[in-house]
Amino acid sequence: MKHMSKLFKEPKGIMYHGGALLYVLLMYSGGIVGLFQSSWIINFVCMLCLAHGMTIAAYLIHESGHNTIFRSNENNAKLGKFLTWVCGACYATFEDIRYKHFRHHVDNDDVVWFDYMDFFRRHVFIRKVIEFLEWFYIPAHDLLMHAIMVFSSFIIPQRREQRKHNIIAILVRGIIFFSVLYLNTKVAILYMVAYMIMMQILRFMDSLQHDYGYHLTLFSDEKAPYKGDSEYELAHTFSNPHSLKYDWLNWFTLNFGYHNAHHARPIVPWYRLPALHRELYGDGDELFIPFLAQLKMFHNFRVERVFFGEAREEPMTADAQEEYNFLEEARAAKVSGGNAASFLTAF
């Protein structure tokens, strides 16, 4: 136990991070086994367990990227790589995921390669199909992004050197999935539903946490206009926890809703974010978007969010920010939020 405590970055990490990792392994393995059972009740419960296990795995990838789990950056990277296989993000590399996310923090921007707004302008039929599916709460926009990630080394010129890694991931996951699909179609379908639930949870949290514009600068040296501007970062970062009264409810997404605190000190682990938020911003709810407002916006704007949303191609100026208060509008459930901005998407 003493050796294990030295492995983690903080003494409490063995309980909180270790507990979260154990939860992922139990929910993932138990969920998979449960999908093969004959009882539909067990199937349904285990599908939800699998979905949440993959969700927590995704948030632990985020923690690994910020090196908050282990003392050694190498160990954080090893864990991150393992977890990408758990939540289906292994087609790209963990280093790509971490690099893009660091750029997000440093540049105060959504730094991307894929211009999906332009893609939808040029491919109206595809956009209409995606909007149709999104009306039924099928995360088609994210499925498009995931499809690009699956074949990233064949689509993104700068990722061609990763083709071996990409092909291995496609073959391993593809053979397993299509074998299951052939032998037990029910299990494959339930897995897909669980995966889409994970996608919905991740984008539910991501959609309102920033109103940054996006720039196609992932592979360029162009300087971001607000790089290092902490005032701009704070003005365009918003917190959306599930509950202020019951902190434990926010463990459902590893406190990811305390996003202002996370951006203020990105190296603080998930279990200390509520306390950090109170330390920095007090006990008031002025910086929070109420949970009911989050649900209302997620429902009302599920189609509009595909093409318009808050994904502006240019960031808002300071004058424009004064005229349009995103937080005030979000608290009143009047904004659509963004789409397909998951930290798992490394492009």
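Each reported figure results from applying straightforward, stated rules to the coordinates on display, with no laboratory input. It should be emphasised that the depicted structure is a prediction, and the values quoted were computed from it without experimental measurement. As a convention, Cβ positions derive from the backbone with ideal geometry for all residues, glycine included, and neighbour counts pool all protein chains shown.
Among M192, H104, G174, pick out the residue whose Cα is farthest towards the positive end of the charge dipole of region 99-239, where Lys and Arg carry +1 and Asp and Glu carry -1 on C-beta, about the Cα centre.
It is G174, whose Cα lies furthest towards the positive end.
Rounded to the nearest 500, what is the 222 nm mean residue ellipticity of the chain from helices alone, with -39500 (n - 2.57) per DSSP H run of 4+ residues and division by all residues?
-18500 deg cm²/dmol
With only Lys, Arg, Asp and Glu charged, each at its Cβ (+1 for the first two, -1 for the last two), find how big the charge dipole of region 151-301 is about the Cα centre; round to the nearest 20 debye.
The calculation lands at about 900 debye.
Where in the chain are the DSSP H helices whose alpha-carbon span along the long axis reaches 27 Å or more and whose Kyte-Doolittle mean is at least -0.5?
13-35, 40-65, 163-183, 185-206
Packing-wise, with mean Cβ within 10 Å as the measure, how do 332-338, 279-285, 246-252 rank, highest first?
Descending packing order for the listed peptides: 332-338, 246-252, 279-285.
Going by the alpha-carbon gyration tensor, a ≥ b ≥ c the square roots of its eigenvalues, is region 73-225 rounded (a/c under 1.5) or, if a/c is not under 1.5, prolate (a/b greater than b/c) versus oblate?
oblate
Quick one: which of K9/K186; K128/K296; K186/K334; K81/K223; K100/K128 span more than 32 angstrom between C-alpha atoms?
From K9/K186; K128/K296; K186/K334; K81/K223; K100/K128, over 32 Å: K9/K186; K186/K334.
So, with +1 on the Cβ of K and R and -1 on the Cβ of D and E, and no other charges, what is the size of the charge dipole of the chain about its Cα centre, to the nearest 20 debye?
Roughly 1720 debye for the chain.
Excluding residues on the same chain fewer than 8 positions from K164, give the aspartates and glutamates whose Cα lies under 19 Å from its Cα.
E95, D96
Taking 7 Å along the Cα-to-C-beta vector as the label spot, tell me the M15-F36 distance in nanometres, rounded to one decimal.
Distance between label points: 3.7 nm.
Taking 7 Å along the Cα-to-C-beta vector as the label spot, tell me the F151-L280 distance in nanometres, rounded to one decimal.
4.1 nm
For the chain, modelled as a Gaussian network with Cα springs under 10 Å, which listed residue fluctuates most, Y258, Y212, Y23?
Y23
How would you rank 233-240, 220-227, 7-14, highest first, on the average number of other Cβ atoms within 10 Å across their residues?
233-240, 7-14, 220-227
Pick out, from L344, I156, A89, the residue whose Cα sits farthest towards the positive end of the charge dipole of the chain, with +1 on the Cβ of Lys and Arg and -1 on the Cβ of Asp and Glu.
The listed residue farthest towards the positive side: A89.
Of the residues M54, M15, M27, which exhibits the maximal mean-square fluctuation in a Gaussian network model of the chain defined by a 10 Å Cα contact cut-off?
Residue with maximal mean-square fluctuation among M54, M15, M27: M15.
What is the dipole size for region 159-203, taken about its Cα centre, with +1 at each Lys and Arg Cβ and -1 at each Asp and Glu Cβ, in debye to the nearest 20?
Taking the Cα centre of region 159-203 as origin, the dipole is about 200 debye.
Could you tell me what a quarter of the Cα convex hull surface of region 30-85 works out to, in nm² with one decimal place?
So the mean shadow area of the Cα hull is 3.8 nm².
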